[in-house]
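First up is the structure itself, then whatever we jot down about it.
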Ligand SMILES: [Zn+2]
């Protein structure tokens, strides 16, 4: 029976408890750095703040495989502190504003002080809630009674705000938390190192995490140019759309890894996608075809230099980009086992075959 490992749950719990909007990935980056260093790896950064780890003694003759997930989550940046102590904000990433009123919040100051609060909501008695909400309509309430009080507490323009979404196990296999998009990818990178760091691989493995995916996959550009991988595998969390109970829905919880064949920015590399499918079939693990109107860091990585062989190894979650996203632990375990086995298969010959198939087609 497939079940998520306790260690994976611990990674997910710890990582989703950290706050990191685009450009403020410090908390997640520090967590990953500590975990990478435990494996005695070299840790490097690109100039935007993406992080990557690899073995100290690399065999230069072997191909480079880069496995990345993004660290950032959607959220807000303080725009203005109003005279009455309420706060107006800029929105960072894709958030459905109409679901925000009365949502709970965490503000992080420059000095890493945390304040808890709520999105202001007009009571039903006063004619709320509004149907169409613009970001300029929103005010955030952290309990300050004046601008002066907020400033004294260390709050300033440009501080980070996220929605609060504590980690909880719900049901037999499901987990509820904020930011599974994409602490899934950060956690799986750590599981991958736990599984493979002592193994003798036929590739140089680079495991890392990017910044600023939610605002245009910016860290993916800089990190892929820095590492120059032969293959890149993207770990990301995609939107489930199984609310209607239809067994053919696009992205179903508990039905395994996504075979992400098409999205707004990536037409999947067929040779690599077949390798992913073959691996899942050999292990008798579940998978599901998936297409998306969104995209991932893969859209940028594939375009680095003269192109990079790219695979997305994703799972889906309900309610992504909200503080109440839900994943199925079995999907995570399927993603973990199949990724470990897929990477063990990679060597010079396999990558040459994949490259030839990509460029010339199948013989
Ligand atoms: Zn994502």
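Which of these, 292, 22, 224, has the largest mean-square fluctuation under a Gaussian network model of the chain (Cα springs below 10 Å)?
Of the options given, 292 has the highest mean-square fluctuation.
Quantify how much of the Cα-Cα distance distribution of the stretch 75-163 extends past 19 Å, in percent.
Everything past 19 Å amounts to 33 percent.
How would you rank 300-307, 354-361, 205-212, highest first, on the average number of other Cβ atoms within 10 Å across their residues?
Output ranking for 300-307, 354-361, 205-212: 205-212, 300-307, 354-361.
Just from its helices, what would the mean residue ellipticity at 222 nm be for the chain, if runs of 4 or more DSSP H residues each count -39500 (n - 2.57) and the sum is divided by every residue, rounded to the nearest 500 deg cm²/dmol?
-9000 deg cm²/dmol
What is the angle, in °, between the Cα long axis of helix 180-196 and the longest principal axis of the Cα atoms in the chain? Nearest 10 is fine, range 0 to 90.
Taking the Cα atoms of the chain, the angle to 180-196 is about 40 degrees.
For the chain, just run the numbers: alpha carbon Rg, then divide by 2.2 N^0.38 Å, N being how many residues it has.
Normalised Rg, Cα atoms only: 1.02.
Using only Cα atoms, find the angle between the long axis of helix 348-360 and the longest principal axis of the chain, and express it within 0 to 90 degrees, rounded to the nearest 10.
Helix 348-360 sits at roughly 80 degrees to that axis.
Name the residue, out of 54, 225, 313, whose mean-square fluctuation peaks in a Gaussian network model built on the chain with Cα pairs under 10 Å.
225
How much length is gained on full extension from residue 1 to residue 132, taking 0.36 nm per residue of separation minus their Cα-Cα distance?
Length difference between fully extended and current span is 42.6 nm.
Sort the following peptides by mean Cβ neighbour count (other Cβ atoms within 10 Å, averaged over residues), highest first: 177-187, 79-89.
Listed from highest to lowest mean packing, they are 177-187, 79-89.
Which of rounded, prolate, oblate describes the stretch 158-245, given a ≥ b ≥ c as roots of the alpha-carbon gyration tensor eigenvalues and a/c under 1.5 marking rounded, otherwise prolate only if a/b is larger than b/c?
Note, shape of the stretch 158-245 comes out oblate.
Do me a favour and compute the ellipsoid semi-axes for the stretch 40-85 from its Cα gyration tensor, root of five times each eigenvalue, largest one first, whole Å.
Whole-Å semi-axes of the equivalent ellipsoid: 40, 11, 8.
Shape call for the stretch 149-208 from the C-alpha gyration tensor, a ≥ b ≥ c root eigenvalues: rounded (a/c under 1.5), prolate (a/b greater than b/c) or oblate?
oblate
Where a ≥ b ≥ c are the square roots of the eigenvalues of the C-alpha gyration tensor, would you call the stretch 272-351 rounded, which needs a/c under 1.5, or, failing that, prolate if a/b is larger than b/c, or oblate?
Oblate, because a/c is 1.5 or more while a/b does not exceed b/c.
Rounding to the nearest 10 and keeping the result within 0 to 90°, find how far the Cα-based axis of helix 270-282 lies from the longest principal axis of the chain.
80
GNM on the chain, C-alpha springs below 10 Å: top fluctuator among 71, 160, 226?
226
Throughout, read-outs are computed from the coordinates displayed, never taken from laboratory work. Given the structure is predicted, the values throughout are model-derived calculations rather than measurements. Neighbour counts run over all protein chains shown; Cβ positions are idealised from the backbone, glycine included.
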